[in-house]
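Here, each number is a calculation from the coordinates, and none is a lab measurement. Since this is a predicted model, take the numbers as computed values, not measurements. No Cβ is skipped: glycine too gets one built from the backbone with ideal geometry, and neighbour counts run over all protein chains shown.
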Amino acid sequence: MGFTPVKTDHGAVPPFEYLPAKAGDYQVGQIVKVNEGQVEALGAASTDPPTYISASTRTVAADGEALPVMRASDDVIYETTIGSAGASGAKIGGKLQVSEDGLTAETGDGALEIVSIDGEAEGDVVRVRIVPAAAAAE
């Protein structure tokens, strides 16, 4: 499923940007990070606030090819699913982290604030907001 925007505070659709990416496979809705001037897959579960979400399912054949992404924002509610690690004890207002695959959320004191949740098991649907970096540090 990945991270899909379902509602914005301002009613506008988040715009796409085209950023250079590292070679690899990307999926629509996948959280990606910036490393050395290029976006790439996470590679490990992350408690950091996400900065970009892939807007395309494609293979980037060579470093530097453009990948359409949307900037992750704290004024958007995103829908995703719970990953294989589960979300034990998760409840509205609690926090989750981005799973290693960048497509799901899981237990962890991360930067995803739960807005609604259908359950704690793998595959259950959860809606989240991104907690800005300054607020996450407090």
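Listed values, structure above:
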quantity: Residues of segment 74-92 that turn out to be part of a loop (DSSP other than H, G, I, E, B) and closer than 17 Å to PRO49 by Cβ, as a count; calculated: 2
quantity: Residue identified as surrounded by 15 or more Cβ atoms within 10 Å (Cβ to Cβ) and over 13 Å from the mean Cα position of the chain (by Cα) among ALA87, ALA121; calculated: ALA87
quantity: Condition broken by GLU113, with the remaining ones in (1) under 18 Å from ASP75 (Cβ atoms); (2) in contact with an Asp or Glu (Cβ under 6 Å, 6 or more places away or on another chain) satisfied; calculated: (2)
quantity: Considering residues of segment 42-67 that are among the acidic types (Asp, Glu) and not in a strand (DSSP E or B) only, the residue farthest from the chain's Cα centre (by Cα); calculated: ASP63
quantity: Test: residue in segment 100-116 that is among the polar types (S, T, N, Q) and part of a loop (DSSP other than H, G, I, E, B); calculated: no
quantity: Looking only at segment 2-43, and only at residues there that are farther than 18 Å from ARG127 by Cβ and in contact (Cβ under 8 Å) with a residue 60 or more places away in the chain, the one that is surrounded by the fewest Cβ atoms within 10 Å (Cβ to Cβ); calculated: GLN27
